[in-house]
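The values are calculated or read from the model by the stated rules, or taken from the named source; none is laboratory data. As the structure is a computational prediction, the values presented were derived from the model and not from experiment. So basically every Cβ, Gly included, is an ideal-geometry build from the backbone, and we count neighbours across all protein chains shown.
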Amino acid sequence: MTDQFFSHPLTLQRLHFGPLGDHIDTFAQVLSARGYTRSSAREKIRVVAGLSGWLQRRRLGVETLDEQSISAFLRYWRRRGLCRRSTSHTLETLLGYLRDGGFTRKVASVENSAFYGVEKDFARYLTQERGLAQATLDNYVPAARTFLSECFGKGPLALKKLDPQDITGFMVRHAHTANAQGMTTALRSLFRFLYQRGDIVRDLSASVPTVATWRLSELPKFLEPEHVERLLKACPQGTPVGQRDYAILLILARLGLRAGEVVQLELDDIDWEKGEISVRGKSIRHDRLPIPQDVGEALATYVRHGRPGSPSRRVFIRMKAPRQGFTGSAAICNVVERALGRAGLILTRKGSHLLRHGLATRMLRGGASLAEIGEILRHQRPSTTEIYAKVDVAALRALALPWKGGAR
């Protein structure tokens, strides 16, 4: 496979030198499948060849390769002035490939630890018993890991010694972080899980302090209908990136999907014959929504002409290597932010929820009830939809009391 990137016989011989020589062709194939350009793949193959020579000189085999040895190689590479921004990522990809193939050992220090066991069981509890989606696990499990690490460090996991003071101290240290409120929710779930399993003698979930929030204290930030259309018209559709972004913006604007739901969409979720799309919500439930005509046309154009070849079944794929689905909601918010810039719309908030709130507001002004809006947005609780009542100015005006001393 390397002969597709290098042609000189001496170069090919040098690339296959050392402990990684038997893996260089397969790794080149992995790079090709992930959509790396010729120049990027050549650079990454040279890095792997350099690591192979470094291992050979130290008489180390592939099976010894781990994060520590890679860090040592990176220090050596930097001293020689050969390290680039992509070098570390290349070696992470290589290590993942070797571990998946069983050529080098797993991270025993993590997988055999008590922390790993609790995290694994906690994640299973959230999925199987709580019915929570992977996106929620990605928030809850790291919060639990941070709490346990700060409480016990590298010592034994003495869960029965946890007390309210540990919880209060942790929350005081993290109260000013952006995700403080999310941490409290995650910790309550963790303590209910530990109590149910018998790891703690009392349910400590009630000991988690509440982060002050003022529900319904603000108006929802949204785009006016004319601004939504301006946003869509400013999106160039003559390129694969433009076709992808236009389809994403239409889905957000017409269906009101959350950013994470757009990320999780797969090709099998689209039923072209019935004109429906299956959406993975915030829990394990799936909802089916009708596909508006303009959304269907944009999706079909992107899938047929703009979507790059990829083994991933995700609908929306990165245009740069590695050719795979987006890793998180931030990518969708970036699409919206770029679109706002193209349309010349200057707003303090630039996330994807602008379009979701815009859809709800447009429905409300069109005469839809809050119950109908909650059904379209797939809110599990009616109270979640109540915030949109604050933008119904006509209804609020009828309820307003006359101002004392004002004109009659």
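Some points to look at:
- R408 meets the conditions (1) part of a loop (DSSP other than H, G, I, E, B); (2) at pLDDT 75 or above in every case but one. The failed one is (2).
- Long-range neighbours under 7 Å by Cβ, at least six apart or interchain, first residue free of Cβ contacts under 8 Å to residues at least 24 places away in the same chain within the range 346-370, second among the hydroxyl-bearing types (S, T, Y): L370/T385; L370/Y388
- Breaking point among (1) at pLDDT below 85; (2) assigned to a helix (DSSP H, G or I); (3) polar (S, T, N, Q), for T210: (2)
Residue by residue, here is whether (1) within 21 Å of the chain's Cα centre (by Cα); (2) surrounded by fewer than 18 Cβ atoms within 10 Å (Cβ to Cβ) holds:
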| site | (1), (2) |
| --- | --- |
| G256 | yes, no |
| E266 | yes, yes |
| V279 | yes, no |
| P292 | no, yes |
| T301 | no, yes |
| F316 | yes, no |
| K320 | yes, yes |
| R323 | yes, no |
| F326 | yes, no |
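- The range 347-366 - residue that is at pLDDT 80 or above and part of a loop (DSSP other than H, G, I, E, B) and, of those, surrounded by the most Cβ atoms within 10 Å (Cβ to Cβ): S352
- Only helices (runs of 4 or more DSSP H) whose full extent lies in the range 4-116 are considered here, and the ones with at least 1 residues that are buried (at least 18 other Cβ atoms within 10 Å of the Cβ) are 9-15, 24-33, 38-57, 67-79, 87-100.
- Condition met for S205 (in contact (Cβ under 8 Å) with a residue 60 or more places away in the chain, polar (S, T, N, Q) and surrounded by 17 or more Cβ atoms within 10 Å (Cβ to Cβ)): no
- Flag if S310 is without any contact (Cβ under 8 Å) to a residue 40 or more places away in the chain, surrounded by fewer than 20 Cβ atoms within 10 Å (Cβ to Cβ) and in the same structural domain as K233 (by TED's automatic domain parsing): no
- When the test is whether a residue is assigned to a loop (DSSP other than H, G, I, E, B), modelled with pLDDT of 90 or more and not β-branched (V, I, T), P322 does not pass it.
Residue-wise test of (1) over 22 Å from T127 (Cβ atoms); (2) loosely packed, with under 12 Cβ neighbours inside 10 Å; (3) under 23 Å from the mean Cα position of the chain (by Cα).
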position	(1), (2), (3)
A144	no, no, yes
E150	yes, no, no
G155	yes, yes, no
K161	yes, yes, no
P164	yes, no, no
F170	yes, no, no
T185	no, no, yes
L194	no, no, no
R197	no, no, no
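- Residues that are assigned to a helix (DSSP H, G or I) and either of a type outside the set (D, E) or modelled with pLDDT under 90 (or both), drawn from the range 262-302: V262, V263, Q264, L267, Q293, V295, G296, A298, L299, A300, T301, Y302
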